[in-house]
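Here the structure is laid out as structure tokens; the discussion comes afterwards.
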Amino acid sequence: MKKKYQQLVRWLKAQVTTITPGNTALKGAALGLLTVTALLWILFAFGVFFNIQDGWVLLFFTAFAVTAILVGYLSRGLLKWLGNFHRGYQLALLIAVPLLIIMSFEWMAPAILAVLASLLGAALLVLRKTGFQQLSPRKKGVTLLGLIIGLGGFITLAILYARVGFDVDPMINAATSVDTTVPHIKAPSPAEKGPYAVKTLTYGSGKDRHRPEFGEAVTLKTDSVNGVPFIDDWDGFGGWWREKYWGFDSRSLPLNARVWYPEGEGPFPLALIVHGNHSMQDYSDIGYGYLGELLASKGMILASVDENFINGSWSNIFGGLDKENDARGWLLLEHLRQFHKWNTTEGHPFHQKIDTTNLALIGHSRGGEAVAHAAMFNTLPFYPDDASVAFDYNYAIKSIVAIAPVDGQYKPGATRTAIENVNYFVIHGAQDADVSSFMGSQQYERVKFKDSLYHFKSGLYVYGANHGQFNTSWGNNDTGNPFTGLLNLKQLLSSEDQLKIAEVYIGAFLDITLKDKKEYLPLFVDARKGKDWLPETVYLSQFEDSNLELVADFDEDFDVSTITLEGGQVSTENLTIWREQEIKLKWQEKGSRALFVGWDYDFEKKEQTMESVADSLIASYTISLPPTAIDSTGVLVFSLAESKEKSNPKTEGKWIKGLQNENNTNEEEEEEDAEDEEDEDEDEDEPKAPIDFTIQLKDSLGQQMAFPLSTFSPLQRTIEVMISKTGFIKDDKESEKVYQTFYFPFEELQKAHPGFDFTRIETLRFVFDKNENGVISIDNIGVMKRL
């Protein structure tokens, strides 16, 4: 048998040899490929030339072809060089490098590891097989060098890996940089436990294979629901494994949840909280118990909804669920349907215990997007992607909380979800290594207030907060990569501090919207109002309510000389930047336009100050208002963010092309300039002072008043973070525009300017007289009622 097998192998090899191209054939193939490509390239180049009639294009295509030839030779040289390596090492590279990349999710760490491992492995095997004494002097040096670099490199990597992280450039907290007394809210901390004893239970199918609390030990049994209209791609190997693990498919999704509720008669407001995407085998619903204990003690019911069965799994590499966030949102409405049924069922533990006029939805990550979908579905008669699926919910959802949400994972009708007449709060951490862009600010823009009731929306950006620590089972590793040491955690808040922030803000938001405790509203404009309750860090708050009377939101048209308020006009002086444009986030666009203005006084000497700038050179942006009645008890509000761009773009590039230097610089001036540059280099590590400027108002009688932005707070400089440790090697700082609301009550300004008529404001002027240069973005200028 063995002999016949060997004969068969030899015969197959002979057959393959007879059809294997020889050198002549391969040479002909190469010539044919190059000839056809060259002819097509020449035809393509002349075709473009005849279309645009520009002779330079022929030179461009010639240069491009020469570059392609050079790259081809270099690539061939690289392959030939690799071909000289040991076949085992070639195989090792082809196997190891892709796996290292998968394990680290980027290229730098794999490259370093591959080099160090190769050097160390080569040195060790040479020493073992050949022996140090048998080597030539040159090879002894090379072997020792490889051993030192390889071993030393791994020791260094181990030390760096074990470190929590590294310091980033120092940053000034603008809100605490000025001596401004901010009165604290006179109320108990919203994170303080209430008077109610807390009880717990679970409800679910009673059939869960892995968790007794939703299986045989479940407190209340529920019927499953059919999720087929909302879930795609529960098929193939991934679908088979998902069904094998859970014991059901998309036709019978369970309604499972953990419930914390107050002991008492009720009725109590109800909130549902849902996790986001995480490993489905690492159950996420248990991680919100800290909120359950708090809210239940304050007289609210919290149900942490289990949607782990539509989360990701290792089997997703063979195909996973696609854009399932509509299912996440729809499931929340089915849970609300269940609670409404229980509330009217005599003898049930929740009979008349639920205040169905006060409902809230809370979501984290993908769940943070899903709660917006649920709020929209709640008001619709049909599923927007398939009108054969009817909806009949219409529950009294008053409040939405989004914790580090994504946005646009599911798009109803191929667009983004928009919701109306609900209160909305979004919180996001600057150190988020999963959803590293403030995507909830996009949904924030799409929350509108159109009825006669009071509503508000607020966004909070927290320096040092990450993605996972809002869930106690997720922790400080946002990436799913078990090698946590790859992350830079030096700037990360402690888990206790991050949970405290969530308790304060979510507790306050639900106290306001479900229990009418309006005394907590100022917290959502200014974190300093609750400084005794909160850990110390940078908080950027954005706020808007249904009382806002807009002056300018810069979304109305492309004319930069007009504003949203009809009849209003704009004039400027000495600005180096003036435009209105879409706001770009780290990943996507925000879905709103804003004003961008810049100024630059180009100090030639280090000792120059703003006092040396002539008044005629000071930059400003002025809005002239049409005759409008303004509430004298109102508040001037607007949102600001720093824009990280050059403050004087017309000093380089196309703007100075062809200009001649009219003045020759003498040797002494060159030395002084060099010294100035050295001084600037020495100050690079000094944190930039926050941005401040003057706000001027003029009334219809011609009376003027002025006050600095820092009356409320200077503008926070852009927050820059390093998510991974390799970012320090690449200088890979991550940042984006995060807007902050500025709030100036007329009654407070009136104290310093008693004769000014705030009911007849004629002009609003921003005067950039505090910083040498800067670029800022301004949005949502208006007047609202005082909180």
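The values are calculated or read from the model by the stated rules, or taken from the named source; none is laboratory data. If you're wondering where the values come from, they're calculated on a predicted model, not measured in any experiment. In this analysis, Cβ positions are derived from the backbone assuming ideal geometry, glycine residues included, and neighbour counts consider all displayed protein chains. Note: accessible area is taken over every heavy atom of the protein model, side chains too, but ligands, DNA and RNA are not part of it. Shrake-Rupley method; radii C 1.70, N 1.55, O 1.52, S 1.80 Å.
Provide the FRET efficiency to the nearest 0.05 for the Thr472-Glu566 pair, computing r from the beta carbons and using R0 = 56 Å.
After rounding to 0.05, the efficiency reads 0.60.
Rounded to the nearest 0.05, what FRET efficiency do Thr344 and Thr219 give with R0 = 30 Å and r taken as the Cβ-Cβ distance? Could you check?
Details: r = 19 Å, r/R0 = 0.64.
It comes out at approximately 0.95.
Over all directions, what mean area does the Cα convex hull of the chain project, stated in square nanometres?
51.2 nm²
Within region 316-356, what residues put their amide N at less than 20 Å from the label point 7 Å along the Cα-to-Cβ vector of Glu265?
343-356
Near Lys785, within a Cβ-to-Cβ distance under 10 Å, what is the net charge of the other residues, with Lys and Arg +1 and Asp and Glu -1? Show your work: numbers first, answer last.
Working: positive: Arg786; negative: Asp545, Glu549, Asp631.
Charge balance near Lys785 sits at -2.
Kindly state, to the nearest 0.05, the FRET efficiency for Asp555 paired with Ser136, given R0 = 56 Å and r defined as their beta-carbon distance.
0.15
Over the residues of region 388-434, compute the C-alpha Rg and express it relative to 2.2 N^0.38 Å.
Its radius of gyration relative to the 2.2 N^0.38 Å reference: 1.47.
Roughly how many Å² is the accessible area per residue of the chain, as a whole number, for a 1.4 Å probe? Present the calculation step by step, with values, prior to reporting the outcome.
Working: 39740 Å² over 787 residues.
Averaged over the residues of the chain, the accessible area is 50 Å².
Based on the alpha-carbon gyration tensor of region 100-237, what equivalent-ellipsoid semi-axes (square roots of 5 times the eigenvalues) come out, in whole Å, largest first? Display every interim value, and only then the final one.
Values: eigenvalues 645, 243, 55 Å².
The three semi-axes for region 100-237 are 57, 35, 17 Å.
Which order do Ile286, Ile112 take by accessible area at a 1.4 Å probe, largest first?
Order by accessible area, largest first: Ile286, Ile112.
Report Thr379's accessible area, 1.4 Å probe, all protein chains in place, as a number in Å² to the nearest 10.
90 Å²
Using each residue's phi in region 521-527, evaluate 6.51 cos²θ - 1.76 cosθ + 1.60 at θ = phi - 60° and report the 3J(HN,Hα) Karplus result to the nearest Hz, with x for Gly and Pro.
Computed from phi, the couplings for region 521-527 are 4, x, 4, 7, 9, 8, 4 Hz.
For region 252-287, list residues with backbone N below 13 Å from a point placed 7 Å from the Cα of His210 toward its Cβ?
Only 278-286 fall inside the zone, counting backbone N under 13 Å.
Along the positive direction of the dipole of region 91-232 (beta-carbon charges: Lys, Arg +1; Asp, Glu -1; about the Cα centre), which of Pro137, Gly194, Pro212 reaches farthest?
Selected residue: Pro137.
Tabulate in residue order the Karplus-calculated ³J(HN,Hα) for region 765-779, using 6.51 cos²θ - 1.76 cosθ + 1.60 with θ = phi - 60°, rounded to whole Hz; enter x for Gly and Pro.
Going residue by residue, I get 10, 9, 10, 8, 10, 10, 10, 4, 7, x, 9, 10, 10, 10, 8 Hz, with x marking Gly and Pro.
Which whole-number percent gives the relative contact order of the chain, counting Cα pairs below 8 Å spaced six or more residues apart? Intermediate values should be presented prior to the final figure.
Working: 1437 pairs, mean separation 89.3, N = 787.
The value is 11 percent.
I need the trypsin sites (Lys or Arg not before Pro) found in region 229-276, filtered to DSSP loop residues with at most 15 other beta carbons within 10 Å of theirs.
Passing sites in region 229-276 are Arg251.
Please grab the % of Cα pairs in region 314-435 that end up more than 19 Å from each other.
Summing the P(r) tail past 19 Å for region 314-435 gives 53 percent.
Which residues does the label zone of Asp233 cover in region 311-332, counting backbone N under 18 Å from a point 7 Å along Cα→Cβ?
Taking a point 7 Å out along Cα→Cβ of Asp233, the residues of region 311-332 whose backbone N falls under 18 Å are 311-329.
For the chain, give the percent of accessible area contributed by carbon and sulfur heavy atoms, probe 1.4 Å, rounded to a whole number.
Here it works out to 56 percent.
Taking K and R as +1 and D and E as -1, what net charge do the other residues with C-beta under 13 Å from the C-beta of Leu514 add up to?
Local net charge: +2.
Under unit Cβ charges (Lys, Arg +1; Asp, Glu -1), what dipole magnitude, rounded to 20 debye, does the chain have relative to its Cα centre?
5680 debye
Distance in nm between label sites at Phe707 and Asn648, each 7 Å beyond Cα in the beta-carbon direction?
Distance between label points: 3.3 nm.
Glu582: accessible area at probe 1.4 Å, nearest 10 Å²?
Its heavy atoms expose roughly 50 Å² to the probe.
Expressed in nm to one decimal, what extension gain is obtained for the pair Val168 and Trp107 from 0.36 nm per residue of sequence separation less their Cα-Cα distance?
Working: separation 61, 0.36 × 61 = 21.96 nm, distance 2.22 nm.
Result for the pair: 19.7 nm of gain on full extension.
Could you pull the Rg and Dmax for region 432-526, using just the Cα atoms, both in Å?
Computed over the Cα atoms of region 432-526, radius of gyration and Dmax are 16.0, 52 Å.
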